[in-house]
1. What are the residues in the range 42-68 that are surrounded by 19 or more Cβ atoms within 10 Å (Cβ to Cβ) and more than 19 Å from LYS110 (Cα to Cα), if any?
2. Determine the pairs where a residue that is assigned by TED's automatic domain parsing to the domain that holds GLY113, located within the range 82-93, has a partner that is of a type in the set (D, E, K, R) with Cβ atoms under 6 Å apart, the partner being 6 or more residues away or on another chain.
3. ASP54 is checked against (1) under 18 Å from GLY123 (Cβ atoms); (2) modelled with pLDDT under 95 and fails just one. What number does that condition carry?
4. Return the total of residues in the range 114-141 being of a type outside the set (Val, Ile, Thr) and closer than 17 Å to ALA50 by Cα.
5. Considering GLY20, GLY33, which residue is at pLDDT below 90 and buried (at least 20 other Cβ atoms within 10 Å of the Cβ)?
6. Residues in the range 105-121: is at least one within 13 Å of the chain's Cα centre (by Cα), at pLDDT 90 or above, under 23 Å from ARG47 (Cα atoms) and assigned to a loop (DSSP other than H, G, I, E, B)?
7. Can you pull out every residue in the range 78-132 that is surrounded by fewer than 17 Cβ atoms within 10 Å (Cβ to Cβ), closer than 13 Å to THR37 by Cα and touching a helix residue (DSSP H, G or I) at 6+ places or on another chain (Cβ under 6 Å)?
8. Please work out which residue is nearest to the chain's Cα centre (by Cα), limiting yourself to the range 45-75 and to residues that are closer than 17 Å to ASN103 by Cβ and in a helix (DSSP H, G or I).
Amino acid sequence: MPMEFINQNVLLISLVVVSGLSMLWPLLARPSGNAVTPAEATQLINREDAHIVDVREADEYASGHLPDAKNIPVAKLADRIGELEKFKDKPIIVCCATGMRSNKACAELKKHGFEKLHNLAGGVDAWVGAGYPIKKGSKSK
């Protein structure tokens, strides 16, 4: 009897399974760093001297980035982790275009012992959308 029900209602059962998984996805794919809004990021920069790491590719960075951001593309982060060692005990805001690559970068930094990590929610797109300034050019601090 149960197999007959399953065979007759395979689409309904599939829909239930997909719906359930979509509800659980945010819990399973939680960010590796604390997500911060552009306003919260600004407070961290001003009050706690947070450092900004932009993990986009160099051409994306050059087209517009947060002031004082250091550009280390996510693919090169493991190789260039030494450049950030001196900031291990300071807050670090990691950003990319929308927040996806920066989440991956936060996970990588966490593996190397960084604790005070913050992922810019919505990335540089959210920063610009909130009306905050950006710098253009490829000079990385």
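1. Answer for the range 42-68, where residues must be surrounded by 19 or more Cβ atoms within 10 Å (Cβ to Cβ) and more than 19 Å from LYS110 (Cα to Cα): TYR61, HIS65, LEU66.
2. Close Cβ pairs satisfying both conditions: PRO91/GLU48; PRO91/LYS116.
3. (2)
4. Looking only at that region, the number is 14.
5. Step by step, each of GLY20, GLY33 is checked, and only GLY33 is at pLDDT below 90 and buried (at least 20 other Cβ atoms within 10 Å of the Cβ).
6. yes
7. Scanning the range 78-132 gives THR98, ALA130, TYR132.
8. Out of the qualifying residues, it is VAL74.
The values are calculated or read from the model by the stated rules, or taken from the named source; none is laboratory data. No experiment lies behind these values; they were computed from the predicted model shown. Don't worry about glycine lacking a Cβ; one is built from the backbone with ideal geometry, like all the others, and counts go over all protein chains shown.
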